[in-house]
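Worksheet for the structure shown next.
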Amino acid sequence: GDSVTQMEGPVTLSEEAFLTINCTYTATGYPSLFWYVQYPGEGLQLLLKATKADDKGSNKGFEATYRKETTSFHLEKGSVQVSDSAVYFCALSLNDYKLSFGAGTTVTVRA
Amino acid sequence: GAGVSQTPSNKVTEKGKYVELRCDPISGHTALYWYRQSLGQGPEFLIYFQGTGAADDSGLPNDRFFAVRPEGSVSTLKIQRTERGDSAVYLCASSADRGNSPLHFGNGTRLTVT
């Protein structure tokens, strides 16, 4: 079935460090890919998305590129802040409403 | 403006009891979704409403689970004869429509079955 595998956490890093969270997917068709983020005490919210191969999604300094050849959608940020501490979820969708999520990666940024 | 509201935020019930979980979507959003998130896992799709009708209920785990949205706004997820394995965070989301509209999630209801 359609699924997402993302890097296990937790990830702890210092402010201004480079962050990468790996995400690979398995799908029978051509999915749209998403990164959702859950800040402490808040609901899940969409961080960025890409709908076709080679698209790059970006938001709040985060980027992810849809790589069909490697079935990947890795999340990157060049310089993290304490406020980026959150749980990050990679997800795919084949039909615009049913999302399949990865298990989530907890990121903690220390000052 | 107001986001997706879920009540209660926490619910503790005994095995075998019936529970109802409520979701108030963002006003005007026609699409509504229920997901379930078990500890250490990502959310899993349960059901999707477009207006009043359940367009896809393929994620409901068994016939103890049922959801309604009678007026196309508020939705209630109903669980009969609860089991300890039903313990999870139940998430509701809404969107302006299917397609490119982003999903807006509530904070969830944490259900604990003792």
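The values are calculated or read from the model by the stated rules, or taken from the named source; none is laboratory data. Owing to the predicted nature of the structure, the values given are computational and were not obtained by experimental measurement. Every residue, glycine as well, gets a Cβ built from its backbone with ideal geometry; the counts of neighbours run over all protein chains shown. All accessible areas refer to the heavy atoms of the entire protein, side chains included, with ligands and DNA or RNA removed. Shrake-Rupley method; radii C 1.70, N 1.55, O 1.52, S 1.80 Å.
Counting Lys and Arg as +1 and Asp and Glu as -1, what is the net charge of the other residues whose Cβ lies under 10 Å from the Cβ of A:Phe62?
In short, -1.
How crowded by other chains is A:91-100, given as the mean number of beta carbons from other chains within 10 Å of each beta carbon?
Per residue, the average neighbour count from other chains is 5.
How high is the relative contact order of chain B, in percent, counting Cα pairs under 8 Å that sit 6 or more residues apart? Here the relative contact order equals 37 percent. Considering only A:Gly41, A:Gly78, A:Gly57, the Gaussian network model of chain A with Cα springs below 10 Å gives its largest mean-square fluctuation to A:Gly41. Accessible surface buried at the B:A interface totals approximately 1500 Å², computed with a 1.4 Å probe on protein heavy atoms.
Given a 1.4 angstrom probe, what's the average accessible area per residue across the protein assembly as shown, in square angstrom?
48 Å²
Sorting the segments B:38-47, B:61-70 by their mean number of nearby beta carbons within 10 angstrom, highest to lowest, gives B:38-47, B:61-70. Put a dot 7 Å past the Cα of B:Val12, heading toward its Cβ, do the same for A:Gln81, and the two dots end up 3.9 nm apart. Loop-located GluC sites (Glu not before Pro) in the range A:51-94 (DSSP state not H, G, I, E or B) with no more than 16 neighbouring Cβ atoms inside 10 Å: A:Glu69. Test of understanding: extend the Cα→C-beta vector of B:Arg64 to 7 Å, then name every residue of the range B:1-32 with backbone N under 14 Å from that spot. Those under the cut-off are B:13-20. To put it simply, the accessible area of chain B at a 1.4 Å probe is 45 percent carbon and sulfur. What does the C-alpha gyration tensor say about the overall shape of the range A:33-111? Classify as rounded when a/c is under 1.5, otherwise prolate if a/b is larger than b/c, or oblate. Oblate, because a/c is 1.5 or more while a/b does not exceed b/c. Split the accessible area of chain A by element, probe 1.4 Å, and carbon with sulfur accounts for 46%.
With a threshold of 30 Å on the Cα-Cα distance, the over-threshold entries among A:Lys56/B:Lys78; A:Lys60/A:Lys98; A:Lys49/B:Lys15; A:Lys68/A:Lys98 are A:Lys56/B:Lys78; A:Lys49/B:Lys15.
With R₀ set to 22 Å, the beta-carbon distance separating A:Arg110 from A:Asn22 gives a calculated FRET efficiency near 0.55.
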